[in-house]
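The values are calculated or read from the model by the stated rules, or taken from the named source; none is laboratory data. A quick note: this is a predicted structure, and the numbers were derived from the prediction, not measured. When we count neighbours, we look across all protein chains shown, and the Cβ atoms used for this are built from the backbone with ideal geometry, even at glycine.
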Amino acid sequence: MFTPKYPTPDTPPAVPPAPSAGAPVPVTQAPAPAPVAVVSNRPTVQLTPGSALALAAGGGAVVLVVGAVLVSLLLAVAITGMSVAVCAVVLRSILNQERKH
């Protein structure tokens, strides 16, 4: 099902005829020279072991700070939800007492 289905070719691949002894041989052009790579003017960044360690420590610190912020936000939402639930229970009990009296 996931394998590609290729259509069958209508004509066989063309094969150039072999040159006969009396026919002139066509002159072919030399291939174009390969393009030369452009040299960049930007400086390359080389990491020493010390800078790689500092980079890893900085990345770890960022992960810890972001994690602490996210956990604190989650705790704030949980505490707010609990306080709203407690307020709802208190209001419900107050309203039930008013109805009974």
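Does Val36 qualify as being aliphatic (A, V, I, L, M), at pLDDT below 75 and out of contact with any Phe, Trp or Tyr (no Cβ under 8 Å at 6 or more places or on another chain)? Full working, then the answer.
Values: aliphatic (A, V, I, L, M): yes; at pLDDT below 75: no; out of contact with any Phe, Trp or Tyr (no Cβ under 8 Å at 6 or more places or on another chain): yes.
In short, no.
Just the residues that are surrounded by 10 or more Cβ atoms within 10 Å (Cβ to Cβ) and either part of a helix (DSSP H, G or I) or of a type in the set (Val, Ile, Thr) (or both), please, taken from region 46-56.
Hits for region 46-56 are Ser51, Ala52, Leu53, Ala54, Leu55, Ala56.
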